[in-house]
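Structure record follows, encoded as structure tokens.
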Amino acid sequence: MRLLLVEDDTTIALFILNGLKEAGFAVDHMTNGEDGLHMALTEPYDIAVIDLMLPKLDGLTLIEEMRKNKVNTPVLILSAKRTVDDRVRGLKTGGDDYLTKPFAFSELLARVQALIRRASGISSPSSLTVGDLTLDLHTRKVVKAGQKIELQPLEFSLLEYLMRNAGQVVSKTMIMEHVWDYNFNPQTNVVEARICCLRDKIDRNFDKKLINTIRGVGYVLKETS
């Protein structure tokens, strides 16, 4: 999953960045509202986490501009403002949820995951299953044919993206947009390398193969006979 974080407080930003990356998110971090708006309007995100008190452009205006430009990315608002009126204003502006500072990272992560599930229309989101492969979104446990598989964070994110799009061909560009951040160099073969590593872990030693290469187009996760 790819996330946009707009937060000017260095300490808070690093706290969130480290936690989200450990949870398998690709995170683009902007430190002011103008840069945050530019990224929100030009890059595809699964969710945005936006502080209200930002330099150059405040968070509420940023969210308003996103909605005016038909950007429907779910938004979790961060703010030190704790009154009911502040929360109501943030939600009416176009925010989808509101989290007051200070906060526990576990709560932020739970809210982020809930917003992604809501946007995806998934009602029972605790796990994803394709054939004999199951991925638990809460425990981050991956099991195939009863055997536990250990994945690196990027491999987990890549598998999650493929499983959320099971049966659909996803291109290299689509994978890069959702699994890597905007600093990623598209000229490298890192996507192919990660797919190869993932295939080694979930396909090589099993009878049922799931990761299929569509030559010249991309990849699709589906059961094959």
TODO: Those residues that are of a type in the set (A, V, I, L, M), more than 16 Å from residue 4 (Cα to Cα) and out of contact with any Phe, Trp or Tyr (no Cβ under 7 Å at 6 or more places or on another chain), I need them from region 58-93; list them, please.
DONE: 80, 84, 88
TODO: For region 97-112, state whether one or more residues are assigned to a loop (DSSP other than H, G, I, E, B), of a type in the set (Val, Ile, Thr) and open to solvent by 10 Å² or more (accessible area, probe 1.4 Å).
DONE: no
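Checking the structure you have, find out if any residue of region 130-137 is in a helix (DSSP H, G or I) and open to solvent by less than 60 Å² (accessible area, probe 1.4 Å). Can you show your working first?
If we filter region 130-137 for residues that are in a helix (DSSP H, G or I), which is where we start, we get none.
No, region 130-137 contains no residue that is in a helix (DSSP H, G or I) and open to solvent by less than 60 Å² (accessible area, probe 1.4 Å).
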- [ ] Give me a count of the residues in region 2-20 that are assigned to a strand (DSSP E or B), more than 17 Å from residue 110 (Cβ to Cβ) and modelled with pLDDT of 95 or more.
- [x] 2
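Give me a count of the residues in region 26-52 that are part of a loop (DSSP other than H, G, I, E, B) and touching a helix residue (DSSP H, G or I) at 6+ places or on another chain (Cβ under 7 Å).
Filtering region 26-52 down to residues part of a loop (DSSP other than H, G, I, E, B) leaves 31-32, 43-46, 52.
In the following step, the residues that additionally are touching a helix residue (DSSP H, G or I) at 6+ places or on another chain (Cβ under 7 Å) were identified as 44, 46, 52.
Number satisfying all stated conditions: 3.
Any chance you could count how many residues in region 1-56 are acidic (Asp, Glu) and under 25 Å from residue 163 (Cα atoms)? Walk me through how you get there before you give the answer.
Residues of region 1-56 acidic (Asp, Glu): 7-9, 22, 28, 34-35, 43, 46, 51.
Keeping just the survivors that are under 25 Å from residue 163 (Cα atoms) gives 22, 28, 43, 46.
Of the residues in that region, 4 qualify.
Looking only at region 185-225, which residues are charged (D, E, K, R) and modelled with pLDDT under 85? Please lay out each step first, then the result.
Of region 185-225, the ones charged (D, E, K, R) are 192, 194, 199-201, 203-204, 207-209, 215, 222-223.
Of everything in region 185-225, just one residue is charged (D, E, K, R) and modelled with pLDDT under 85, namely 223.
The values are calculated or read from the model by the stated rules, or taken from the named source; none is laboratory data. Predicted model only: the values in this text are computed from it and were never measured. All Cβ positions, glycine included, derive from the backbone under ideal geometry; neighbour counts span all protein chains shown. Side chains included, ligands, DNA and RNA excluded: accessible areas come from the protein's heavy atoms. Shrake-Rupley method; radii C 1.70, N 1.55, O 1.52, S 1.80 Å.
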